[in-house]
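Here's the structure we're looking at; comments come further down.
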Amino acid sequence: MILQTLESLESLIGHDGPPQTLRTVLNNFKNEVSSHMENTAYLLEFAHKIRKQISDTLNLRNQDISLHQSEDVFKLSKSSARDSVAIRIITFLTLIYLPFSFIAVSRELLIILKSY
């Protein structure tokens, strides 16, 4: 927008207008604005590249964290499977032992009750 304004001022002045110094000053301003626009475009491109690098770095970090979490969940599931086997063994032994112990206690209780 500034560049367009400077160009329109330059065209309004024309060749027969004010002295050469004014035209030179306007031309210098136009060149300066043009170089600032180029620098701004470069800086924007540089900022986009930095943003992409940061995004890629964060994605890599998140993948690393996910990998460690997956390993931990795998370890927990293995541990849970081992615990499950132990619980099944205890349950099986209880199913065998409990009825016989109930019968033994019941007989002993009947004997004690008959003695009174």
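Table for the structure above
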quantity	calculated
Pairs with Cβ under 8 Å, 6+ apart, first in the stretch 73-96 and without any contact (Cβ under 8 Å) to a residue 60 or more places away in the chain, second of a type in the set (Gly, Ala, Ser) and surrounded by 10 or more Cβ atoms within 10 Å (Cβ to Cβ)	none
Yes/no for residue 21 being free of Cβ contacts under 8 Å to residues at least 24 places away in the same chain and either over 30 Å from residue 1 (Cβ atoms) or within 45 Å of the chain's Cα centre (by Cα) (or both)	no
Condition check for residue 96: out of contact with any Gly (no Cβ under 9 Å at 6 or more places or on another chain) and modelled with pLDDT under 90	yes
Close pairs (6 angstrom Cβ cut-off, 6 or more residues apart or separate chains): surrounded by 10 or more Cβ atoms within 10 Å (Cβ to Cβ) in the stretch 34-49, in a helix (DSSP H, G or I) and not charged (D, E, K, R) anywhere	none
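The values are calculated or read from the model by the stated rules, or taken from the named source; none is laboratory data. None of the values given here were measured: they were computed from a predicted structure. Cβ coordinates were reconstructed from backbone atoms using ideal geometry, including for glycine residues, and neighbour counts include every protein chain displayed.
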